[in-house]
Amino acid sequence: MSFRKIPLTFLMITIGVSCAYAKKTPKYEQTRQLTAEQAALVEKAVQREKVLVDDIKQRTPLVETYIQDTRPDPKLYEVPVDDHYTLSRVDFGSAFFDKTYTPRTESTKKGFLGLKGSLGAVKGITKLLGLEKFTYSETGFMEMMFIDPNGFNQQNYVFSFVRREFLGNVRTWVFDVHPKIAGEGRFYGRIWIEDQGGNVVRFNGTYTGSQREDTSKYYFHFDSWRMNLQPGIWLPVAVYVEETQRMEGSKNSVGLKAQTHFWGYSLKLPTRNSENVSVKVDDAVDRSNDSTDVGPLQASRMWVTQAENNVIDRLVEAGLVAPADQGGYENKVLDQIVVNLIVPNNLAFTDQVHTRVLLTDTIEATTVGNTILLSRGLLDSLPSEEAIASVISMELAHIAMGHHIDTRYAFNDRLLFPDESTFQRIDMYHSDSDNADAAKRAMVYLQASMYKDKLPNAGLYWEQLVERSKELKALNTPKLGDSLLKPDGTAWMADLEHMAPKINWDDLNQTAALPLGSWLKVDPWDDSVHMLDAKRYAPMNSRDKMPFEVTPIFYKLQHYDVAHATPPAPPASTAPSGNSPNGDPAAPQQEPAPNQQPTGQSSPEQAAPQQPTRQEPAAQQQTAPPAQPPVANSNSAQQSAETSASTPTPQ
C-alpha cells in the first residue's frame, strides 16, 4: 500500500510543477524567427507607438461613434434592430492618463459629451458598445485606438511576418501579433507597418481575456485605421467594430456594427480657466459702396445675416460644420440644386442662398439665415439628385417664409461659450407648425421644378426613412437642426412619400436609400468635406442595398507628401489604382474605397446610387464614377439668364 502511495504522491507533485511551469510558459510560440530587417522594422514600430501616444495627448479631436444592434434576417442576412449615437470632443491626455479626472454624471443635452467630461465621454462610448461588461474596463474604447499603450514590445509579444501588402499607395509589412503570456487586455491580431517611417497604419483583431483559455469572446473584434495627416504624423481616423453575436453560441444574441470617426485634430483646446472662448470672423467683405443708405427692410435682413454669420463661424470653430470651400461639393452640387429650385419658382432673395455640411452622421437639416445646413449622414444616404432636391426644397421654403434663427446671435458675446455647450446654447430648431408650412410650400417648389417628373423616385427615400425609423431612432434624432420625421414618426414630406411606389427589396433597379458613408469623406485634420473618389456598383441582390446601415471601413492610404504634392482631383475623376513604386510588387487592385463594402471575390460592393446628374441616369450603368454637379436644362439656363438681376447663382 505504501508502495502505491509513493508513486501517486510523486505523480501529483510532478503534475503540480508542470501546471505551474505552464502558466509561465509562453502561450504562443513563434513559428519562424524574424529576419534582422523585419525585427528592426518591428522595433521601429514599437518606438513610433510611444510617439503616437505622446502626440495624441496634445490633441482634442471630435469623436463620433454610431452603433447599430443587428439580428439575422433570412432575406437581408442581417438588419438593424436598435441604434446608439454619441458625439464627443475629447481631451485624450486627460481621458487616458488622468485617473482622477472627474466625469460628468450625465451626458449633455442631445448626446454631446464635452471636454470637461473627457473621461466620461470615453466611458459613455464604452458603455454603448457594451465594453464595460465584457472587457471589465471603463476605458475599453481607448484600447481600440492603440495596440497596447503600456506593453507593446518584443518582450511581451510574438511577431510573425506574413507578407508585404499595399494599402492604397502605402507599402506595408504585415505581421501577426500574439501575446507571449496570456493576460487580460493583450492584443491578438494583425498589424500593418508602413516601411518608410515604421508607423502602424492599421491593426485589427481583439484582446485576450484573463486566465481562462477562451475568454477572447468577451472582447469585440475591431479594425482600426490611421492616416498620415501631417508630415511624420499618423493619427487614428476610424475604428470599425463588428460582432454577429455578442455571446458566442447564442443564436438569439444581438450582434452589432459600429463606426467611430475622428476629426478636428487641428482644433485647439479652449481655455480651461474661463467659460469664454474667442470667436474670429474671417473673410469680412466691405459692402459700404453698394448703396448710400439702408432701408428698414434691408436693415432687418442684414441683422439676420449678421446673426447667421456669427452662428456659422462658431459652428465651424467647434468642428461641427465643414469650412467653406468655393470649389467644393457644396458649391458644385448642392448650390446648383438650390438654383434649380429657385429659378423656376421665381424666388428673388436679397442675399445668395448657400449650403453647408454639418459633420454629424445623424439625419437632420436646418437653416441659418440664408444658409442651408445638411448633415453628412443625410447626404450620404440620399440616392439621387431629386431626393436631395426634396430635402433642400423644404429648407428653401423655411428661408422664403422667414423662418430664421433667433437674431439674438447677432450679438457676438452670446456665442462666447465652450464648444461642448454648442448643442445647448444654439437653438436652431423650427417649430412643428413652421415645418408643416414649409413642407407644403416645398411641394409647390418641386412641382414647378425640373424634378417634377421624378418625384415618385424621390419619395422612395422618405418611405424608406419611415420604414426604418423605429429601429434607427438615434440616427433620426437631430443634434442641431430638424428631423425629417414628425414626432409621431411620419414624414414631414408625407405627400411626396405617398407618390412613391412600394419598396420592393427584390427590385434591383429600385434604390430607396444608401448606406452611411456612400458619398462624402471628412479630412480628419482640417474638417473639410470631399466626395469619395470611388467606383459605384449596381446591387446584385437585396442584401447589397443596406439602406442607412453601418458598413466596414477601408481606406486607400497615401503618404502626406504624396497626397499634397498635386492639387486634389475633381470629384468626377477616378482614383488611379495599381500603381506602385518602381521595383516593388504591384499594389493590390481590390482595396475598396473608404466606408464602402469590401470588394472581395465573394462579396460585391454596395449598391450603385443614381448619380446627382440630370443628363445621364445611373440606372443604365453598371459602374459609374462619382457624381457630377447637376446641369440645368436649356430652358432653365435661359430663365436663369433672364432673372440674373434678382436671382443669385453659385460662385
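The values are calculated or read from the model by the stated rules, or taken from the named source; none is laboratory data. This structure is a prediction, so every number in the text was calculated from the model and none was measured. A quick note on method: Cβ atoms are made from the backbone with ideal geometry, for glycine too, and the neighbour counts reach across all protein chains shown.
See the values below:
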item	result
Selection from segment 50-71 of residues that are part of a strand (DSSP E or B) and over 17 Å from the mean Cα position of the chain (by Cα)	D69, T70, R71
Subset of segment 440-454 (residues that are surrounded by fewer than 21 Cβ atoms within 10 Å (Cβ to Cβ) and touching a Leu at 6+ places or on another chain (Cβ under 9 Å))	R441, M443, Q447, A448, K452
Count - residues of segment 14-49 that are assigned to a helix (DSSP H, G or I) and either modelled with pLDDT of 55 or more or surrounded by 10 or more Cβ atoms within 10 Å (Cβ to Cβ) (or both)	21
Checking F349 against (1) modelled with pLDDT of 95 or more; (2) in a loop (DSSP other than H, G, I, E, B); (3) not small (G, A, S), the condition it does not meet	(1)
One residue from V466, V444 being at pLDDT 95 or above, touching a Gly at 6+ places or on another chain (Cβ under 7 Å) and either of a type outside the set (D, E) or closer than 29 Å to T65 by Cβ (or both)	V466
Hits in segment 477-502 (condition: hydrophobic (A, V, I, L, M, F, W, C) and either closer than 29 Å to V321 by Cα or modelled with pLDDT under 95 (or both))	L480, L484, L485, A491, W492, M493, A494, L496
Condition met for T366 (in contact with a Lys or Arg (Cβ under 8 Å, 6 or more places away or on another chain), modelled with pLDDT under 95 and not in a helix (DSSP H, G or I))	no
Residue in segment 560-579 that is at pLDDT 90 or above and surrounded by 17 or more Cβ atoms within 10 Å (Cβ to Cβ) present	no
Test: L472 is crowded, with 24+ Cβ neighbours inside 10 Å, aliphatic (A, V, I, L, M) and either touching a Pro at 6+ places or on another chain (Cβ under 9 Å) or assigned by TED's automatic domain parsing to the domain that holds L396 (or both)	no
Single match in D526, D495, D488 (criterion: touching a helix residue (DSSP H, G or I) at 6+ places or on another chain (Cβ under 9 Å) and either surrounded by fewer than 18 Cβ atoms within 10 Å (Cβ to Cβ) or of a type in the set (D, E) (or both))	D495
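So that you can scan it fast, the table gives a plain yes or no per residue for (1) part of a loop (DSSP other than H, G, I, E, B); (2) over 24 Å from E549 (Cβ atoms):
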site: H430; (1), (2): yes, yes
site: N435; (1), (2): no, yes
site: A438; (1), (2): no, yes
site: M443; (1), (2): no, yes
site: L446; (1), (2): no, yes
site: G459; (1), (2): no, no
site: W462; (1), (2): no, no
site: L465; (1), (2): no, no
site: L472; (1), (2): yes, no
